[in-house]
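The values are calculated or read from the model by the stated rules, or taken from the named source; none is laboratory data. The model shown is predicted, which means the values in this text are computed figures rather than measured ones. Ideal geometry is used to build each Cβ from the backbone, glycine not excepted, and the neighbour counts take in all protein chains shown. Just so you know, the surface numbers come from the protein's heavy atoms only, side chains and all, with ligands and any DNA or RNA stripped out. Shrake-Rupley method; radii C 1.70, N 1.55, O 1.52, S 1.80 Å.
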Amino acid sequence: MITINAILDIFPQLMRGLGVTVTVLLASAVLAYLMAFIAGLCRLSQNVIIRKFTGFYVEVFRGTSLIVQLFWLYYAIPMLFGIQLGSNWWTGVIAIGLNYGAYLSEVVRGSILSVAKGQTEAAVALNMSRFQRMRLIIFPQAVRMMLPEFGNYTIQMLKGTSLVSLIGMTDVLYYGDIMRSTNLAQAPLIYLLVLVFYFILALPLIWLTRKGESISKKGVASG
Amino acid sequence: MTEPIVQYRDVHKSFGDVKVLKGINLDIHPAEKIAVIGPSGSGKTTIIRMLMTLEEPTSGDIIVDGTNLWKMEKSGKMVRASEKHLREVRGDIGMVFQHFNLFPHMTILDNCMAAPIHVKKENKEEVRERAVQMLERVGLGDKFDSYPSQLSGGQKQRVAMARALVMRPKIMLFDEVTSALDPELVGEVLEVIRDIAKNDDMAMVLVTHEMDFALDIADKVLFLDEGVITEQGTASEVIEHSTNERLQTFLHRFRKV
Ligand SMILES: Nc1ncnc2c1ncn2[C@@H]1O[C@H](COP(=O)(O)OP(=O)(O)OP(=O)(O)O)[C@@H](O)[C@H]1O
Ligand SMILES: [Mg+2]
């Protein structure tokens with residue numbers, strides 16, 4: 001009974017962080033997808049400078065850790081350049097969005113490259129322009145291939161949002177930490193519930209990823 | 001005879017150090033049906049891929065309807081053709097591939113409609129009508145809304161032909177279009193080609209291993225051997241009466257298999 005009462009105490013507290021966790025996730029996912037497509041396509045550009053420049057972005061963000069990037073944006077950039085990235089919320093969104101955007105741009109690039117060469121050739125034989133080939137033939141097939149990986153990375157992004165508690169954002173983990181600090185004996189139960197909480201949030205994403213996997217099995221010629 | 005619609009002039013093609021085509025000279029006349037035969041690796045596919053702009057010649061010229069395909073004039077000099085130039089010149093050429101290369105994310109009907117609508121900017125309703133007509137002609141009048149993955153190889157290849165025909169090309173290229181098919185499906189595809197050859201007035205170039213078929217529909221047969229056209233003439237001249245020894249060996253080996 002004590003445990004049930006404790007759960008009934010803890011759960012509403014965690015709920016208070018739900019808004020931050022979900023909005024940070026949604027906003028950084030939008031930013032990450034946007035960056036993924038921009039950078040992924042730029043890396044396939046015929047222009048060397050564009051290619052090298054986006055390559056630099058991708059390698060820097062993939063090669064360093066998200067938490068350090070977050071601290072850079074939060075502490076270092078404002079001090080060095082006097083730029084304020086708006087609120088903590090924006091700082092978190094930009095860090096997570098740029099970081100996962102870098103990973104996902106590789107997914108975009110890889111999927112586009114893995115559409116079978118015969119598809120481009122058939123499109124050339126129908127006299128499509130380079131742009132039409134990309135828009136009508138290659139891209140729609142590549143997107144289907146990307147879906148599962150986009151799902152996986154979005155689940156990771158959800159987990160990544162918990163880092164924003166380190167820059168003072170009041171997300172789910174933050175409220176868990178607060179409760180733990182006032183009631184150390186409950187720590188195992190509190191963190192168990194935090195886990196459950198994130199898992200429940202991940203469920204729809206897991207379901208979408210499955211769905212993406214079955215869609216991607218159909219309607220593409222790869223090889 | 002009429003002016004050729006396509007002329008190859010001393011066309012060479014190398015891949016790295018490997019010389020694949022060594023001086024191809026060839027005229028294709030409007031409505032002419034040409035069969036290209038020869039051993040594996042002799043360069044048959046490469047010849048037609050260069051005309052479809054899928055492969056760039058190493059040297060020589062390909063003239064399509066009076067215009068140089070791979071070169072264009074720029075401030076008095078001949079330079080490498082731009083994408084735009086290639087698009088302008090290759091508009092009358094269509095191709096059917098060994099492995100069909102249908103667009104798997106589109107229905108059969110959309111496969112046939114995409115290019116006329118987006119490339120030629122034709123009216124959607126007119127294109128639909130024509131696409132329907134073509135699909136009926138190749139015997140797929142009941143499959144409009146199917147996806148390529150739901151079709152047999154023979155059906156896929158017939159869709160690929162309808163897709164090319166809807167563009168109303170003046171020249172159609174066929175690269176061993178039956179060799180990826182199960183033997184029992186070859187006939188239905190050859191029937192469609194025969195129908196096109198007899199009733200349409202476009203030029204056709206068929207790379208094929210179907211000797212009897214070539215004999216039946218081709219006005220001219222080319223024997224390609226190690227990158228050189230060593231024999232050409234009417235089907236009966238080349239396939240039945242030639243004394244060329246390598247051609248005889250090729251035909252002999254072929255008929256035995
Ligand atoms: N993209 C390429 N890169 C390198 N070598 C190539 C390429 N395409 C063709 N070749 C080589 O060029 C030669 C001629 O090829 P091609 O496909 O034109 O022959 P083919 O007569 O069509 O043979 P097959 O009857 O086997 O289809 C072959 O030796 C082949 O390996
Ligand atoms: Mg070939």
Checklist entry - Which value, in Å² rounded to 10, gives the accessible area of A:Trp90 with a 1.4 Å probe and all protein chains present? => result 130 Å²
Item to check | Relative contact order (%) - criterion: Cα under 8 Å, at least six apart; region: the stretch A:4-217 | outcome: 31 percent
Checklist outcome for this item: One finds the C-alpha centres of the stretch B:195-257 and the stretch B:6-55 to be spaced, in Å, by 15 Å
Next on the checklist: Classify chain B from the C-alpha gyration tensor, please: rounded if a/c falls under 1.5, else prolate or oblate depending on whether a/b exceeds b/c.
Outcome noted: oblate
Checklist entry - Within the stretch B:237-257, what residues put their amide N at less than 20 Å from the label point 7 Å along the Cα-to-Cβ vector of B:Glu226? => result B:243-254
Item to check | Value of [θ]222 nm, deg cm²/dmol, for the protein assembly as shown, DSSP H segments ≥ 4, -39500 (n - 2.57) each, nearest 500 | outcome: -17500 deg cm²/dmol
Checklist entry - Which distance in nm do the two modelled labels at A:Val68 and A:Thr3 give, with both placed 7 Å along the Cα-to-Cβ direction? => result 4.2 nm
Checklist entry - At a Förster radius of 51 Å, what calculated FRET efficiency corresponds to the Cβ-Cβ distance of A:Thr182 and A:Lys217, to the nearest 0.05? => result 0.55
Checklist entry - Quick one: if you take sqrt(5λ) for each eigenvalue of the C-alpha gyration tensor of chain A, what semi-axes come out, biggest first, whole angstrom? => result 40, 23, 11
Checklist outcome for this item: Contact order relative to length for chain B, counting C-alpha pairs under 8 Å separated by 6 or more residues, stands in percent at 25 percent
Checklist entry - At a Förster distance of 22 Å, what's the computed FRET efficiency of B:Ala180 paired with B:Gln150, Cβ-Cβ distance as r, to 0.05? => result 0.80
Item to check | Solvent-accessible area per residue, Å², over chain B with all protein chains present [probe radius 1.4 Å] | outcome: 46 Å²
Checklist outcome for this item: So, relative contact order of the stretch B:2-86 in percent, Cα under 8 Å, 6 or more apart, is 30 percent
Checklist outcome for this item: Cross-link reach from B:Lys13 to aspartates and glutamates, straight Cα distance under 17 Å and at least 8 residues apart if same chain, gives B:Glu55, B:Glu56, B:Asp61, B:Asp225, B:Glu226
Checklist outcome for this item: Note: the stretch A:1-112, point scatterers on Cα, Debye, no solvent; log10 I/I(0) at q = 0.12, 0.16, 0.21 Å⁻¹ equals -0.54, -0.80, -1.09
Checklist outcome for this item: Checked against a 20 Å limit on the C-alpha separation, the offending pairs among B:Lys33/B:Lys124; B:Lys22/B:Lys44; A:Lys117/B:Lys156; B:Lys44/B:Lys220 are B:Lys33/B:Lys124
Checklist entry - Viscosity 1.306 mPa s, temperature 10 °C: Stokes-Einstein D of the protein assembly as shown from its Kirkwood Cα radius, in µm² per second? => result 60 µm²/s
Next on the checklist: What is the percent carbon and sulfur in the accessible area of the protein assembly as shown, measuring with a 1.4 Å probe over the protein chains and ignoring ligands?
Outcome noted: 58 percent
